[in-house]
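The values are calculated or read from the model by the stated rules, or taken from the named source; none is laboratory data. If you're wondering where the values come from, they're calculated on a predicted model, not measured in any experiment. Cβ sites come from the backbone with ideal geometry, for glycine too, and all protein chains shown count toward neighbours. SASA here: full protein model, heavy atoms, side chains in, ligands and nucleic acids out. Shrake-Rupley method; radii C 1.70, N 1.55, O 1.52, S 1.80 Å.
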Amino acid sequence: MKNLILIIVLIIPLFVLGQNKKDYSGGEFYMVHIDGKTNQEISSIPMGRNVLLSYDTFFKSYSIGYSDQNNTFKYMQFTYYGSDETSYKLMKMKGRDDLIWGAVDNLLDSEGKIMFIALGETKDNKSIMFKIINLHK
């Protein structure tokens, strides 16, 4: 009986913690440059494919893994920073604390699409966005 209780006590936290994540896979990963004045897409550069995206519902963070053109696995992480009056979740990218990113994830479940938009413009009046499309649960 003690062993059964011990097993239950050890398994329940694993089950509960496992429920705090939503996982997506497949798709393509692009870096997009946007004109800061017109909000029009200037260029779309493929970054990778075979994307693995995990959303932690408790910490509101995203982990992204993908294969680049050399078939090297790359990894990015966005951690929750707060929210504002827009529909963005404000995020910081691990290793790049100088930029705040706005995560637009309202199309993730319905269309398999998510965008991370750098808030602020570069020197040449452009904005940068990471766009991941064609994700599946």
- request: Would you mind telling me which numbered condition in (1) among the charged types (D, E, K, R); (2) more than 18 Å from Tyr24 (Cβ to Cβ); (3) in contact with a helix residue (DSSP H, G or I) (Cβ under 9 Å, 6 or more places away or on another chain) Lys137 fails?
  value: (2)
statement: Scanning the stretch 95-123 for residues that are part of a strand (DSSP E or B) and open to solvent by less than 60 Å² (accessible area, probe 1.4 Å) gives Leu99, Ile100, Trp101, Gly102, Ala103, Val104, Ile114, Met115, Phe116, Ile117, Ala118
- prompt: Looking at (1) surrounded by 10 or more Cβ atoms within 10 Å (Cβ to Cβ); (2) among the polar types (S, T, N, Q); (3) assigned to a loop (DSSP other than H, G, I, E, B), can you tell me which one Ser25 breaks?
  reply: (3)
query: Looking at Ile45, Ile64, Ile34, which is the one that is surrounded by 14 or more Cβ atoms within 10 Å (Cβ to Cβ) and at pLDDT 95 or above?
result: Ile64
task: Pull up the stretch 75-87, narrow it to residues that are of a type in the set (Phe, Trp, Tyr) and open to solvent by 60 Å² or more (accessible area, probe 1.4 Å), then point me to the one that is nearest to Asn106 (Cα to Cα).
output: Tyr80
